[in-house]
Amino acid sequence: MAEIKDRNTMGNVIRFTREYLDSLYIEERLIGAKEPCLQMELFGETFASPIMTPAFSHMKTFASERENALVEYSRAAAELNQVNWVGMSTNEEFGEALLAGARTIRIIKPYADKDEIYSRIEFAEKGGALAVGLDIDHVFGETGKYDVCFGNLMTCQTIADLRGYANSTKLPFVVKGVLSVQDALACAEAGVQGIVVSHHHGRMPFAIPPLMILPEIVKVLGERDKRRVKIFVDCSMDSGVDAFKALALGADAVSAGRILMPGLVKEGCEGVKAKLRAMNEELAEIMAYTGTGSLAQMDGTVLHRRDGSRLV
């Protein structure tokens with residue numbers, strides 16, 4: 001029993017995710033290959049790369065060394081022309097992040113107070129956000145009861161709830177924390193414009209690695225609505241190679257996460273830019289070696305499992 005409990009931890013969910021990513025191998029396709037273009041089109045705008053910042057929350061707690069870490073990593077995204085995400089934050093904090101100039105997606109917690117959700121959606125739209133969305137997987141705590149986060153009660157969200165949020169704004173609406181075909185289809189039914197395939201850094205014990213479920217989600221959404229719903233991925237996207245694997249399996253873009261934190265804490269904006277640049281270069285290298293000239297040419301058949309079988 002002690003062994004099972006030890007395996008049932010957040011740290012091991014992250015380890016399982018890392019091991020799965022590292023178990024995927026890439027074949028070379030060099031004849032006729034060209035220097036790749038990383039440019040991405042998203043929600044009618046053009047960005048320099050499909051690698052995005054994460055929806056960080058509580059930056060005053062986790063990056064207390066910086067005067068305003070939220071603004072610093074947002075400024076890094078702006079200067080590199082990459083999509084920025086912001087997690088749990090007050091309207092005032094989110095407004096400061098927007099002033100950094102990045103095209104930013106705001107993710108809101110699944111508050112039991114629905115008026116609070118609508119209020120934050122409205123603030124994001126008035127502030128000029130790129131998109132807005134809801135985090136559906138920060139609902140339960142370790143006891144199975146609805147979680148209370150920084151004094152705010154959370155609750156489950158229904159398809160009708162999601163549809164109401166999506167219909168309340170002119171912005172694209174995104175749902176974060178999708179880790180099953182069932183929830184992906186529910187999001188499509190609700191009319192959302194994007195989902196984030198994610199286990200939220202291992203909130204649920206034994207959560208499936210996002211890339212393990214990603215091909216199934218890509219397939220069913222492609223069959224249902226010709227992929228009108230954008231599919232993003234996070235969790236252990238620590239390098240450009242990780243990003244390539246997710247993109248090859250059908251993701252439209254990926255978010256780097258905690259891998260950005262050391263540079264952010266140590267050097268602020270410059271530290272985040274340095275890591276994002278390195279990831280962009282790693283992605284470009286693998287795209288070049290696989291004959292992938294652009295994101296539109298991503299092909300999952302270049303990926304193999306350790307036993308030699310293809311994923312796609």
- Task: For residue 66, indicate whether it is out of contact with any Pro (no Cβ under 6 Å at 6 or more places or on another chain) and either open to solvent by less than 20 Å² (accessible area, probe 1.4 Å) or modelled with pLDDT of 95 or more (or both).
- Result: no
- For the range 36-47, indicate whether the set of residues that are among the polar types (S, T, N, Q), over 21 Å from residue 281 (Cβ atoms) and assigned to a loop (DSSP other than H, G, I, E, B) is non-empty. no
- Exactly one of 77, 48, 55, 97 is under 26 Å from residue 191 (Cα atoms), in contact with a strand residue (DSSP E or B) (Cβ under 9 Å, 6 or more places away or on another chain), open to solvent by less than 60 Å² (accessible area, probe 1.4 Å) and in contact (Cβ under 8 Å) with a residue 12 or more places away in the chain, and that one is 55
- Could you give me the residue pairs with C-beta distances under 8 Å whose first residue belongs to the range 187-214 and is of a type in the set (S, T, N, Q), whose second residue is part of a helix (DSSP H, G or I) wherever it lies, and which are 6+ apart or on separate chains? 193/166; 198/210
- Task: Please note which helices (runs of 4 or more DSSP H) are completely contained in the range 127-228 and include at least 3 residues that are open to solvent by 30 Å² or more (accessible area, probe 1.4 Å) and touching a His at 6+ places or on another chain (Cβ under 8 Å).
- Result: none
- Quick one: in the range 242-300, which of the residues that are open to solvent by 30 Å² or more (accessible area, probe 1.4 Å) and touching a Lys or Arg at 6+ places or on another chain (Cβ under 6 Å) is farthest from residue 37 (Cα to Cα)? 252
- Message: I need every pair where a residue in the range 292-308 that is of a type in the set (Val, Ile, Thr) has its Cβ under 6 Å from the Cβ of a residue that is loosely packed, with under 15 Cβ neighbours inside 10 Å and at pLDDT below 95, sequence separation at least 6 or different chains.
- Response: 301/310; 301/312
- Just wondering, is there one or more residues in the range 284-295 that are farther than 26 Å from residue 173 by Cα and among the charged types (D, E, K, R)? yes
- Query: Considering the range 67-116 alone, what residues qualify as being part of a helix (DSSP H, G or I), acidic (Asp, Glu) and under 19 Å from residue 139 (Cβ atoms)?
  - Reply: 115, 116
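The values are calculated or read from the model by the stated rules, or taken from the named source; none is laboratory data. This structure is a prediction, so every number in the text was calculated from the model and none was measured. Counting neighbours? That spans all protein chains shown, and the Cβs are built from the backbone with ideal geometry, glycine included. These area figures cover heavy atoms from the full protein model, side chains too; ligands, DNA and RNA do not enter into them. Shrake-Rupley method; radii C 1.70, N 1.55, O 1.52, S 1.80 Å.
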